[in-house]
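Since the structure comes first, as structure tokens, the remarks are kept for the end.
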Amino acid sequence: MHPIIPILSSKEIKRQKNKGRQVNAIALQEVRTVLGIVSRQADLLIQHLHTINDHFGSLTDAHLAALAQEMHLAQTEVFEVASFYHHFTIIKEHADTSAEISLRICNGLSCEMAGATHLCGQMHRYLDNAENKSIHLLRVPCLGRCEQAPAAILGQHAIPNADLLAINLAIEQKNSEAETLDYIDYQTYKAQDGYQELQKCHDGKFEKEALFKCMEESGLRGLGGAGFPVGRKWRIVAAEAAPRLLAVNLDEGEPGTFKDRYYLERDPHRFLEGMLIAAWAVDIAEVYIYLRDEYHACRHMLEAELVKLQENPPVAGMPRIHLRRGAGAYICGEESAMIASIEGKRGLPRLRPPYVAQVGLFNRPTLVHNFESLYWVPDLLKKGSAWFSDQGRHGRSGLRSFSVSGRVNKPGVYLAPAGISVEELIEEYCDGMPDGHVLYAYLPGGASGGILPASLSLLPLDFDTLQAYGCFIGSAAIIVLSQHDSAIAAARNMMAFFKHESCGQCTPCRAGTAKALHLISQEVWDIPLLQDLSAVMHDASICGLGQAAPNPVDCVIKYFPHELNLAQEKP
């Protein structure tokens, strides 16, 4: 008797096939070869996307589908993460992939003032006429190199004070690898009595309570922008149940800020020692360092130095240290968004509570710190809390690292007394302003901190001194404008940045930045509408990006009305 063979309809035959994009066997093998034996755990998704993007110069649909299968993730999850971050180049099927190297030219305010727009136009014309079509020109937000304006990056190679000649030379020499840094390495740092304070902690010469009090008495605060007291934060996290984690924010995406890169490029182990002291004080199980992707040379250096540190640890029982690479998202400077990114997800901020000190990275209590906050910890233990707290001017206490750029003779990072005024900072540290320029305005806290006029140049620069003027110091990123610049142009530059960097999660920020940019791009500003929009963004945005984005616009209306063509002045 012959077996009965069922007759299937075309719909039933289709149902037997896998849905969605099918995995290409060649692409799957390529992904496996490039990733090697590294773990496929889900929180490494962004790191694996970097590996593939670096190797092939882009991410194809086929490679994304293959990576999803390799990591046992949904293709939608892989695509949504890859498309969220600016530094991943997703190529559709049959797209032109001839451009192999990205040339990024910064369009941040300091670089704009230094001629970045003109430089970009020159490069467009040059590349249009060049036989070599392997360069992909991109205008990008702040690269964290404001003292080198205009800044550019060819591949992974930073080009300071970029001009047509310097960029063309790098292209001709195929110089697209990260530069080599001249820094204090592990052996040299140890020879200079480095890690001695950490050793004292492990030897019982410091008690944890004494360490907490040292941080509290010094007045050291978070130096990434929020300014939360370091000692208090340590106590809060230490009181939570183990295991506890430490996440270091080295994303440094605020336009005008470059102090963390400056210190890291020169003295990385001072930071690492401070990080390990904090880990000991709070009994941290594992440490995650989240590094800004544009800092390629720093990443290569840290990878090498962390290997040395972990192969020859200065103390026993050192926590495991993970280095995670960001992917070009300003929003990941916000602590909960950074945590999501470390976990391999889109960098979306979350509502509080719960706070990350209770439920943070991988749902564990997490101590989150900015790089510079940890950088000063060894000095505080060595010199005492009074060394730090006794510094300051105009009634303020402590030291601040100011990133100064714009119309000054010597842009750079300057360690100065907290409470110094911008006028004093320019004259005493920056060698004044160039000939033909006088102070017109300044941004005291990067893109988010607002814009102040020269008439307020004697205000003390510190936490809690600028709020009454609609501004804040944040990460102490000072951008100096002269009479040749415009506060309106600065506000437009900042709002374009915020629109570009909004994660899109909440409507007040997503729609508000776009609407605000449209309104301030008009010749005549609708002041009442802008003020209403500002109030909504301040009050209803989930995180600090949307809440602070209106600050530059509010300051133009308040302090620079002479630049505005007010509607009521029209006949």
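Ligands, DNA and RNA are left out, and with a 1.4 angstrom probe the accessible area of the chain is 43 Å² per residue. Projecting the Cα positions of Cys430, Ala162, Gln196 onto the charge dipole of the chain (unit charges on Cβ atoms of Lys, Arg, Asp and Glu, taken about the Cα centre) puts Gln196 furthest along the positive direction. Put a plus charge on the Cβ of each Lys and Arg, a minus charge on the Cβ of each Asp and Glu, and nothing anywhere else: the dipole of the chain about its Cα centre is then about 1700 debye. Computed from the alpha carbon atoms alone, the convex hull of the range 321-455 holds 173 Å³ per residue. Near Ala68: Cβ cut-off under 12 Å, other residues only, Lys/Arg at +1 and Asp/Glu at -1. The net charge is -2. Between the amide H of Gly406 and those of Val480, distances stay under 5 Å, these residues lying 5 or more places away or on another chain, with hydrogens modeled in the peptide plane. I'd like the distance between the alpha-carbon centres of the range 276-310 and the range 151-217, rounded to an integer number of Å. Distance between centres, Cα-based: 10 Å. Tally Lys/Arg at +1 and Asp/Glu at -1 over every other residue whose Cβ is under 10 Å from the Cβ of Val282; what's the total? That works out to +2. Treating each Cα of the range 226-334 as one equal point scatterer and applying the Debye formula with no solvent, the log10 of I(q)/I(0) at q = 0.11, 0.19, 0.23 Å⁻¹ comes out as -0.37, -1.10, -1.44. In a simple Cβ point-charge model (Lys, Arg +1; Asp, Glu -1; nothing else charged), the range 486-571 has a dipole of about 180 debye relative to its Cα centre. Give the carbon-plus-sulfur fraction of the accessible surface of the range 341-388 in %, rounded to a whole number; probe 1.4 Å, heavy atoms of protein chains only. C and S fraction of accessible area: 55 percent.
Per the Debye formula on identical point scatterers at the alpha carbon atoms of the range 475-515, with no solvent, log10 I(q)/I(0) at q = 0.23, 0.26, 0.28, 0.31 Å⁻¹ is -0.80, -0.88, -0.92, -1.00. Can you pull out the GluC sites (Glu not before Pro) in the range 115-180 whose DSSP state is coil and whose Cβ has at most 11 other Cβ atoms within 10 Å? Here the sparse-neighbourhood loop sites are Glu131. When all protein chains stay in place and ligands, DNA and RNA are ignored, the 1.4 Å accessible-area order of Phe497, Phe206, largest first, is Phe206, Phe497.
For the range 376-386, backbone phi angles converted through the Karplus equation (6.51, -1.76, 1.60; θ = phi - 60°) give residue-by-residue couplings of 8, 4, x, 5, 5, 5, 6, 9, x, 5, 5 Hz, Gly and Pro being listed as x.
Would you mind telling me the share, in percent, of accessible area of the range 143-216 contributed by carbon and sulfur at probe 1.4 angstrom?
On the way: 1760 of 3770 Å².
It is 47 percent, rounded to a whole number.
Shape of the range 400-540 from its Cα gyration tensor (a ≥ b ≥ c, root eigenvalues): rounded if a/c is under 1.5, otherwise prolate when a/b > b/c, or oblate? Prolate is the answer for the range 400-540, as a/c is 1.5 or above and a/b outweighs b/c. Taken about its Cα centre, the range 270-402 carries a charge dipole of about 300 debye when Lys and Arg each add +1 at the Cβ and Asp and Glu each add -1 at the Cβ. First compute the accessible area of the range 42-96 with a 1.4 Å probe, then give the percent of it belonging to carbon and sulfur atoms. Of the solvent-accessible surface of the range 42-96, carbon and sulfur hold 51 percent.
Over the range 15-143, the Kirkwood radius and the radius of gyration, each from Cα atoms, give a ratio Rg/Rh of 1.07.
Taking each DSSP H run with n ≥ 4 as -39500 (n - 2.57) and averaging over every residue of the chain yields -12000 deg cm²/dmol at 222 nm.
A simple count of charges around His518, restricted to other residues whose Cβ falls under 13 Å of its Cβ and scoring Lys, Arg +1 and Asp, Glu -1, yields +1. Estimated translational diffusion coefficient (Stokes-Einstein, Kirkwood radius over Cα pairs, 25 °C, 0.890 mPa s) of the chain: 97 µm² per second.
Mean silhouette area of the range 183-290, derived from the convex hull of its C-alpha atoms and averaged over all directions, reads 7.5 nm². When the range 285-398 is described by a simple charge dipole with +1 on each Lys and Arg Cβ and -1 on each Asp and Glu Cβ, the residue from Gly360, Ala316, Leu291 located farthest towards its positive end is Gly360. In the range 355-406, one over the average inverse separation of all distinct C-alpha pairs is 13.6 Å, which is the Kirkwood hydrodynamic radius.
The values are calculated or read from the model by the stated rules, or taken from the named source; none is laboratory data. What you see is a predicted model, and the numbers here were worked out from it, not measured in a lab. Note: ideal-geometry Cβ built from the backbone for every residue, glycine included; neighbour counts use all protein chains shown. Ligands, DNA and RNA are stripped out before the accessible areas are found, and what is left, the full protein with its side chains, is counted by its heavy atoms. Shrake-Rupley method; radii C 1.70, N 1.55, O 1.52, S 1.80 Å.
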